[in-house]
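What follows is a set of notes on a single structure, which appears directly below.
The values are calculated or read from the model by the stated rules, or taken from the named source; none is laboratory data. Since we're looking at a predicted model, the values are computed, not measured. With ideal geometry, Cβ positions are generated from the backbone for all residues, glycine too; neighbour counts draw on all protein chains shown.
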Amino acid sequence: MRNRILLMGFVVVGSAAADPLPSWKDGSSKQAIFSFVERVTKQNTPNFVSPAERIAVFDNDGTLWAEQPIYFQLAFAIDRVKTLAPKHPEWEDQEPFASLLKGDIKGALTGGKKAIAEIIMVTHAGMTTDEFAAIVRRWTATARHPKTGKLFTKMVYQPMLELLDYLRANGFKTFIVSGGGIEFMRPWTEEVYGIPPEQVVGSSIKTKYEVRDGKSVITRLPELNFIDDKEGKPVGINRHIGRRPIFACGNSDGDFQMLEWTTSGSGPRFGLIVHHDDAEREWAYDRDSHIGKLDRGLNEAPKRGWTLVSIKDDWNVVFPAAP
């Protein structure tokens, strides 16, 4: 068997070195990742972190996959409204559904969080967890992004897929910690990211156990249970994972508290923010965006020692090559 060693982030096999992050341009961001991983995995040194404590958490929307022009789970909910509409003739005159059925998404969302919550509850509840997972799987297998025409599950970031693999190859356990629905993500994250459902933390609605026709099921209720965003993210991590991460990655101010809590712990810590500044290959947005707003994080990342990753300057490619 050929000898394998890790040297400054590169896997060396014999005399050939393979870059584990080929989609990342050589520069300070890439080097910061390599240096951190080397520090925490080098045994018999003060900065060594045992594999059990090598917890890495990642936001999903805008961090692992795209989030423009609307959150992908909202696109799923809108498609569900159209599917369910024949059973709800009252929606023709009832907002936000009337606007959605006319194709006026902007108009439907003028109701803000209340309108979004109403859309989510109607489309995500009233079924068993198994039924919901099957609906999500069917949607992700066929639904396509309105701008690129790609499957939504192909709108993932190739550099981040490489980062997930690189961390796992170095003994890290990777988790998703997202404001998106936990049961919306769980049916497909293992196939797309290599992250199993038990390592997904997200927002949730209430559920209950019951027996239907002699079969045990868990039913989804139209009532909010937990919002995994902003201050909720550290709470969700503590509740589901039970360990403070040493590596956290996000892209918006909704991830600020997750990065803050992660990097305020003792020992070596790493915070990473993906900055969307590439209008040609993706989208350019930050402080004034209605989705993925990055303002406080943009201001405070340097003084907190967080690595600010520029999609334009730090990534060779954005999305995976078409199969």
### Task
Determine if the stretch 113-135 includes at least one residue that is of a type in the set (Phe, Trp, Tyr) and over 30 Å from ARG281 (Cβ atoms).
yes
### Message
Every residue in the stretch 275-315 that is in contact with a helix residue (DSSP H, G or I) (Cβ under 7 Å, 6 or more places away or on another chain) and among the β-branched types (Val, Ile, Thr), please.
### Response
THR307, VAL309
### Task
Residues being more than 14 Å from GLU260 (Cα to Cα) and touching a Leu at 6+ places or on another chain (Cβ under 6 Å): count how many of those fall in the stretch 272-308.
2
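Matching residues to (1) buried (at least 19 other Cβ atoms within 10 Å of the Cβ); (2) within 24 Å of GLU223 (Cβ to Cβ):
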position: LEU84; (1), (2): no, yes
position: LYS106; (1), (2): no, no
position: LYS150; (1), (2): no, no
position: ALA169; (1), (2): no, no
position: PHE175; (1), (2): yes, no
### Task
Answer yes or no: is there a residue in the stretch 229-245 that is touching a residue at least 60 places away in the same chain (Cβ under 8 Å), assigned by TED's automatic domain parsing to the domain that holds ASN299, within 17 Å of the chain's Cα centre (by Cα) and not in a helix (DSSP H, G or I).
yes
### Message
Could you tell me how many of the residues in the stretch 194-204 are out of contact with any helix residue (DSSP H, G or I) (no Cβ under 6 Å at 6 or more places or on another chain) and crowded, with 18+ Cβ neighbours inside 10 Å?
### Response
2
### Query
without any contact (Cβ under 8 Å) to a residue 40 or more places away in the chain, surrounded by fewer than 14 Cβ atoms within 10 Å (Cβ to Cβ) and not β-branched (Val, Ile, Thr), is that true of GLY305?
no
#### Entry: Candidate set: the stretch 165-196, residues that are assigned to a helix (DSSP H, G or I) and within 12 Å of the chain's Cα centre (by Cα); chosen: the one farthest from VAL235 (Cα to Cα)
VAL192
### Task
Taking the residues in the stretch 246-267 that are among the small types (Gly, Ala, Ser) and without any contact (Cβ under 8 Å) to a residue 40 or more places away in the chain as candidates, determine which candidate is surrounded by the fewest Cβ atoms within 10 Å (Cβ to Cβ).
SER266
### Task
Might you check whether a residue that is of a type in the set (Gly, Ala, Ser), touching a Cys at 6+ places or on another chain (Cβ under 9 Å), under 30 Å from TYR166 (Cβ atoms) and in contact (Cβ under 8 Å) with a residue 12 or more places away in the chain occurs anywhere in the stretch 64-84?
no
### Task
For the stretch 266-286, indicate whether the set of residues that are on the phi < 0 side of the Ramachandran plot, more than 17 Å from the chain's Cα centre (by Cα) and modelled with pLDDT under 95 is non-empty.
no
### Task
Scan the stretch 81-97 and give yes if some residue there is more than 15 Å from the chain's Cα centre (by Cα) and closer than 30 Å to ILE273 by Cα, otherwise no.
no
#### Entry: Only listed residue being closer than 26 Å to ILE55 by Cα and among the charged types (D, E, K, R), chosen from ARG168, ARG144, ARG138
ARG168
### Query
Under 7 Å by Cβ, and 6 or more places apart or on different chains, what pairs join a residue from the stretch 106-127 that is assigned by TED's automatic domain parsing to the domain that holds VAL81 with one that is polar (S, T, N, Q) and part of a helix (DSSP H, G or I)?
GLY107/SER99; ALA108/SER99
